[in-house]
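**Q** Questions regarding the structure given below will be posed in turn.
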């Protein structure tokens, strides 16, 4: 079983490393690869790099394709080479999956049209640009499409996928092995509970970090052949 994650500059590393830690415990013949156009280190938005284990040319088919998110998502959608690889591999994959805004990449590749899907709460509604139905659950399973919400939801996503692949007992054992027993010190993990001041602060920060991101994404949707949203 070949599990492949897309690497790209300015991805959110936990979108990838959280699920990768879980899926590393699938057992059997499962193996993981981190794929980019070259084997040069790829800088994440956390300020450190991750080294790819394979290139696009080396990966023509996968069992599980997983796309993380991050501020680099728009640049990926604008890149014909990367999107061509996602489309080709995703069309043949047994499972097509994502974490956070990685679902926007899947959507732009035409892989979520007619599917229910989720993303980070701040960008979830943008899935409708690509013919997907935005859904508020933390993990959404629609046939062979499995999408996780923002960042930390990647661990929940990977445990849910593990249960689909190996059974609930195996997934529970993985959860225990990781001592995944969340008890956050604050109740501010969703916009409803965080309150409007914190939501506004987040949105202001994102606009400084990636100005015009939403407008650019709408233009990219048109470039990829989707009607204006």
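Read-outs throughout are calculated quantities, based only on the coordinates presented, and are distinct from any laboratory measurement. Treat the numbers as computed from the prediction; the structure is a model and nothing was measured. Here the Cβ is made from the backbone with ideal geometry for all residues, glycine too, and neighbour counts use every protein chain on show.
**Q** If neighbour count is taken as other Cβ atoms inside 10 Å, put 66, 100 in order from fewest to most.
**A** Going from sparsest to densest Cβ surroundings: 66, 100.
**Q** Can you compute the radius of gyration and Dmax for segment 98-208, using only the Cα atoms, both in Å?
**A** Reported Rg and Dmax, both Å: 15.2, 44.
**Q** Just from its helices, what would the mean residue ellipticity at 222 nm be for the chain, if runs of 4 or more DSSP H residues each count -39500 (n - 2.57) and the sum is divided by every residue, rounded to the nearest 500 deg cm²/dmol?
**A** Mean residue ellipticity at 222 nm (helix-derived): -11500 deg cm²/dmol.
**Q** Need one number: the % of Cα-Cα pairs in segment 2-184 sitting beyond the 21 Å mark.
**A** Values: 7147 of 16653 pairs.
Value for segment 2-184 (Cα pairs over 21 Å): 43 percent.
**Q** Continuing with this model, one more query. What is the extension gain from residue 218 to residue 190, computed as 0.36 nm multiplied by their sequence separation minus the C-alpha to C-alpha distance, in nm to one decimal?
**A** Details: separation 28, 0.36 × 28 = 10.08 nm, distance 2.47 nm.
So the chain would gain 7.6 nm between residue 218 and residue 190.
**Q** Given the alpha-carbon gyration tensor of segment 87-136, what are the semi-axes of its equivalent ellipsoid in whole angstrom, ordered largest first, with each equal to the square root of 5 times an eigenvalue?
**A** Working: eigenvalues 61, 22, 15 Å².
Three semi-axes, in Å: 17, 10, 9.
**Q** How much length is gained on full extension from residue 80 to residue 40, taking 0.36 nm per residue of separation minus their Cα-Cα distance?
**A** Length difference between fully extended and current span is 12.4 nm.
**Q** Averaged over all directions, how much area does the convex hull of the C-alpha atoms of segment 147-198 cover when projected, in nm²?
**A** Average of the hull's projected areas for segment 147-198 equals 4.4 nm².
**Q** Counting other beta carbons within 10 Å of each residue's own, what order do 180, 115 fall into, fewest first?
**A** Numbers: 180 14, 115 22.
Lowest count first: 180, 115.
**Q** Turning to a different aspect of this structure: Spin-label point model (7 Å from Cα, Cβ direction): what's the residue 55 to residue 173 distance in nm?
**A** It works out to 3.9 nm between the two label points.
**Q** While we're looking at this one, here's another question. If I take every Cα pair under 8 Å that is 6 or more residues apart in the chain, average their sequence separation and divide by the length, what percent do I get for the relative contact order? Each step should come with its number before you reach the end.
**A** On the way: 438 pairs, mean separation 39.6, N = 229.
That works out to 17 percent.
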